[in-house]
Amino acid sequence: MSIDEIQAAEMNEIRTQSVQQAGGLVQWTVTWKSTTGDLQDLSGTDVVDILTWEGLPPEFGTSNGAWTSSGMETGLGLHGSPVDAAQGQATFGYPIMPTDVNYSGHQLKDGETGSDRWETTGFLGHGVYGTYVHLDEVAVRLVRYLERRGRDLVANCQFTDPTGATNTFSDVVIQELFAKERIELDDEIEDEMPEAMPQTVDWSLVEAWNQEAMKAMEQGDEIRYFIFHERLLLDGSADQPVGDYINFARINNSGNSAGRLRMTKKGTLFDPGSVTVTWAGGWEATIKEAIAGFSKKKVIFE
């Protein structure tokens with residue numbers, strides 16, 4: 001093969017090998033061949049990804065880094081260095097959500113998905129340092145948006161590869177969001193907010209209240225619950241015997257998981273019915289045991 005033919009070697013047959021999540025990253029692995037049939041003819045040419053992004057939408061909060069306004073940068077692959085094209089393969093990692101994004105003041109409520117979308121485009125590029133050329137036909141697209149799941153703020157990243165195949169990946173970016181959100185309480189509860197948790201908890205009152213609250217639910221009804229001192233506590237109004245406990249669980253800044261309990265099937269004489277629990281957050285055994293103490297209903301987690 002002549003020197004001219006080697007110098008004319010170019011990347012072709014560029015394909016997505018895999019797209020997968022690894023921790024907080026979406027990893028895109030791409031492969032290619034050489035127009036000469038020999039990958040070594042591509043040696044000395046770097047393969048990079050060239051990122052362009054829009055400015056961070058208001059719903060996402062602020063950023064300590066470059067994300068506040070639109071921009072562009074050259075990505076160096078998963079291991080922080082350009083990939084030699086002679087390797088025929090590279091893996092690039094994209095954060096589901098960059099770590100230097102601040103979410104202060106975020107007000108999504110349980111089950112809500114944010115309306116803002118944050119877009120980033122990554123082009124495969126090749127060349128030598130300082131003269132990278134991006135391949136318009138080999139681009140990936142990332143669309144990020146936020147979602148509230150129980151007490152957690154979750155980032156979703158919709159990743160589309162050059163073929164148009166799309167996958168969505170998720171990562172919790174704030175745990176225990178419930179402690180950070182502005183909770184809207186009725187005047188009655190605001191007037192009677194306890195300054196501190198009582199030293200002792202009357203668990204017989206809590207168990208009786210849980211039973212009463214669930215018994216009053218009709219099919220399809222939902223109620224919020226808390227994991228209160230590692231036990232189940234159903235939500236309610238301040239005039240209940242457990243009102244102080246409920247108020248404290250609502251406003252306490254730490255230690256109280258919150259989710260939803262839905263009456264899936266009310267139950268009959270021969271069928272105890274069922275309840276569905278969302279956002280259990282690892283408290284499945286605690287919730288199931290608490291409900292089993294006063295009801296035979298089947299507990300379903302989702």
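Every number here is computed from the coordinates shown, using simple stated rules; none is lab data. If you're wondering where the values come from, they're calculated on a predicted model, not measured in any experiment. Counting neighbours? That spans all protein chains shown, and the Cβs are built from the backbone with ideal geometry, glycine included.
Give, in nm to one decimal, the length gained when the segment between Tyr129 and Ser274 is fully stretched (0.36 nm per residue of separation minus the Cα-Cα distance).
So the chain would gain 45.9 nm between Tyr129 and Ser274.
Enumerate the lysines that Lys109 could reach by cross-link, defined here as Cα to Cα under 23 Å, with residues fewer than 8 away along the same chain left out.
Once the sequence-local lysines are set aside, what remains near Lys109 is Lys180.
DSSP loop (so not H, G, I, E, B), at most 11 other Cβ within 10 Å: list which chymotrypsin sites (Phe, Trp or Tyr not before Pro) in the range 96-165 pass both filters.
When the chymotrypsin sites (Phe, Trp or Tyr not before Pro) of the range 96-165 are filtered for loop state and at most 11 Cβ neighbours within 10 Å, Tyr129 remain.
Please give the FRET efficiency for Asn64 paired with Thr166, using the beta carbon to beta carbon distance and R0 = 30 Å, rounded to the nearest 0.05. Provide the component values of the computation, followed by the final result.
Numbers: r = 30 Å, r/R0 = 1.00.
Efficiency for this residue pair is about 0.50.
If each of Arg15 and Gln89 carries a label point 7 Å out from its Cα toward its Cβ, how far apart are those two points in nm?
A separation of 1.2 nm, rounded to one decimal place.
Can you give the translational diffusion coefficient of the range 3-178 in µm²/s, computed by Stokes-Einstein from the Kirkwood radius over Cα pairs at 20 °C and 1.002 mPa s?
D, rounded to a whole number, is 123 µm²/s.
Under 17 Å from the Cα of Lys296, which lysines turn up, not counting those fewer than eight places away in the same chain?
Hits, sequence-local ones excluded: Lys215, Lys265, Lys266, Lys288.
Report the rotationally averaged projected area of the range 12-89 based on its alpha-carbon convex hull, in square nanometres.
Value for the range 12-89: 6.6 nm².
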